[in-house]
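Below: one structure, written as structure tokens.
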Amino acid sequence: MSYAIGVDLGGTNLRIAAVEERGALMEKVTLGTQVQRGRDYVVGQMTDAIRHVITKYQDHGQLIGIGIGVPGFIDMDTGTVRESPNLPGWSDYPVHKDIESRLGTKVVLENDANAAAMGEKWLGAGRDTNDMVMYTLGTGVGGGIVVDGRLWHGMNGMAGELGHHTVLPDGHPCGCGNHGCLEQYASATAVVRMAREAVAKGMSDALANASRNDVEFSSKVIYQLAIQGDKAAQEVFNTVGRSLGIAVGNMVNALNFPMYVIGGGVSSAWDAFHDSMFEELHTRSFIYRVTAPEAVKPGAKRTIVTRALLGSDAGLFGAARLPMLVNADSAVPAEQPKEGVPGTPVAGTR
Ligand code: ZN
């Protein structure tokens, strides 16, 4: 049995998994990421842990390759991290080349949200579809677009930055330089900020108490208050839902894909924001209105907007899947169209 190694490098945790070709998890290791000790330390820690897993399973089967999900803008052409707010000091660092030379093995580098989208496509909510969009609502908002079973990279690998879709012109400033990005209204960071804004306006005693007493005033605490009926906390999640509805509606209008998956930590608050999200989707997208599950006959094609299934493991499984796909793509040589015969069908790919 062949296997691959998936790595999810976050600002807080470094997770490594060995995954069999059919998707069975062999091993999962979680280590704290000591970002403050610098890039070389983190890369050293990661390559040591990967070597340890490879040694442990050397008699188990063939290692297909290693996939690594990294937060930030990644230039696929050069294998560099162009910008990563969660990994200070990594800008313009040739992470791909460095890790490959340290390990002496083929490495596939990917944006972490793209890796999560691939995980959900392979083993999660999108396993029965080939075309899907995924939003990861975490500290920030990431996105991934899967077309025909493969990640859509765009010109140089930066496609799918769905967290930076403008949902409110002149809205809250975003780290990307824009104002009113989805990330500023649907991330865990945004939920806490919006709750603090409500507290500052004196809109909720319960929120004010929680923000004073709770050492970790988190999106989870705010969600608890929302489901207990606190109006200001509910309004925070209504804003999450409306912002998502606008963003997803734009993607439905642009792509007419069958599936849009919402994952990441904030997606656990699904029942607090899904009403406002679907209401907004209906308003903003004609295509959604006519293809929504309740609008079509049983068995007809429909647009599904749904929760992710793999939780925080999506990125790990997706990262492990990447070298398997590279292998599959290169195993079947594509027949090139004969020169001078335009339109010759290309057979044998995928
Ligand atoms: Zn932005």
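The values are calculated or read from the model by the stated rules, or taken from the named source; none is laboratory data. Source: prediction; values computed, not measured. All Cβ positions, glycine included, derive from the backbone under ideal geometry; neighbour counts span all protein chains shown. All accessible areas refer to the heavy atoms of the entire protein, side chains included, with ligands and DNA or RNA removed. Shrake-Rupley method; radii C 1.70, N 1.55, O 1.52, S 1.80 Å.
Would you point out which residue out of Ala186, Ala195 is away from the ligand (no atom under 16 Å from the Cβ) and either open to solvent by less than 10 Å² (accessible area, probe 1.4 Å) or modelled with pLDDT under 95 (or both)?
Details: Ala186 fails: away from the ligand (no atom under 16 Å from the Cβ).
The match here is Ala195.
Could you check the stretch 280-311 and list, in sequence order, the residues that are over 24 Å from the mean Cα position of the chain (by Cα) and assigned to a helix (DSSP H, G or I)?
His282, Thr283, Phe286, Ile287, Arg289, Val290, Thr291
Yes/no matrix, rows are residues, columns are (1) of a type in the set (Val, Ile, Thr); (2) within 18 Å of Leu316 (Cβ to Cβ):
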residue: Ala117; (1), (2): no, yes
residue: Leu123; (1), (2): no, yes
residue: Gly126; (1), (2): no, yes
residue: Thr139; (1), (2): yes, yes
residue: Gly149; (1), (2): no, no
residue: Met155; (1), (2): no, no
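Six or more apart or on different chains, Cβ under 9 Å: which pairs go from a residue in the stretch 173-184 that's in contact (Cβ under 8 Å) with a residue 60 or more places away in the chain to one that's open to solvent by 20 Å² or more (accessible area, probe 1.4 Å) and within 7 Å of the ligand (Cβ to nearest atom)? Could you list them?
Taking only residues 6 or more apart or on different chains, the pairs are Gly175/Glu183; Leu182/His164.
When you scan the stretch 215-231, how many residues do you find that are part of a helix (DSSP H, G or I), hydrophobic (A, V, I, L, M, F, W, C) and open to solvent by 90 Å² or more (accessible area, probe 1.4 Å)? Write out each step before concluding.
Just the residues of the stretch 215-231 that are part of a helix (DSSP H, G or I), to begin with: 219-227, 231.
Imposing the further condition that a residue be hydrophobic (A, V, I, L, M, F, W, C) reduces the set to 221-222, 225-227.
When the remaining residues are screened for being open to solvent by 90 Å² or more (accessible area, probe 1.4 Å), the result is 227.
Total satisfying the criteria: 1.
Just to be sure I understand, how many residues within the stretch 152-183 are farther than 22 Å from Tyr223 by Cα and near the ligand (Cβ under 9 Å from one of its atoms)?
So the count comes out to 12.
Can you name every residue in the stretch 143-161 that is open to solvent by 10 Å² or more (accessible area, probe 1.4 Å) and either among the β-branched types (Val, Ile, Thr) or at negative phi (or both)?
Ile145, Val147, Arg150, Leu151, Trp152, His153, Met155, Asn156, Met158, Ala159, Glu161, listed by residue number.
Which numbered condition trips up Ile50, out of (1) within 20 Å of Gly144 (Cα to Cα); (2) crowded, with 18+ Cβ neighbours inside 10 Å?
If we test Ile50 against (1) within 20 Å of Gly144 (Cα to Cα); (2) crowded, with 18+ Cβ neighbours inside 10 Å, just (1) comes out false.
Could you grab me the full set of residues in the stretch 67-100 that are more than 20 Å from the chain's Cα centre (by Cα) and not in a loop (DSSP other than H, G, I, E, B)?
Tyr93, Lys97, Asp98, Ile99, Glu100, listed by residue number.
With the checklist (1) outside any strand (DSSP E or B); (2) touching a Leu at 6+ places or on another chain (Cβ under 6 Å) in hand, flag the one item Leu14 doesn't pass.
The single condition Leu14 does not satisfy is (1).
Among the residues of the stretch 131-138, is any more than 16 Å from the ligand (Cβ to nearest atom), surrounded by fewer than 21 Cβ atoms within 10 Å (Cβ to Cβ) and part of a loop (DSSP other than H, G, I, E, B)? Spell out the reasoning first.
Going through the stretch 131-138, the residues more than 16 Å from the ligand (Cβ to nearest atom) turn out to be 131-134.
Applying the additional criterion that residues be surrounded by fewer than 21 Cβ atoms within 10 Å (Cβ to Cβ) yields 131.
With part of a loop (DSSP other than H, G, I, E, B) added as a condition, the list becomes 131.
Yes, the stretch 131-138 contains at least one residue that is more than 16 Å from the ligand (Cβ to nearest atom), surrounded by fewer than 21 Cβ atoms within 10 Å (Cβ to Cβ) and part of a loop (DSSP other than H, G, I, E, B).
Answer yes if at least one residue in the stretch 206-214 is surrounded by fewer than 17 Cβ atoms within 10 Å (Cβ to Cβ) and acidic (Asp, Glu), and no otherwise.
yes
Is it the case, given these coordinates, that Leu244 is open to solvent by 70 Å² or more (accessible area, probe 1.4 Å) and among the hydrophobic types (A, V, I, L, M, F, W, C)? Reasoning before the result, please.
Numbers: open to solvent by 70 Å² or more (accessible area, probe 1.4 Å): no; among the hydrophobic types (A, V, I, L, M, F, W, C): yes.
Criteria not met by Leu244.
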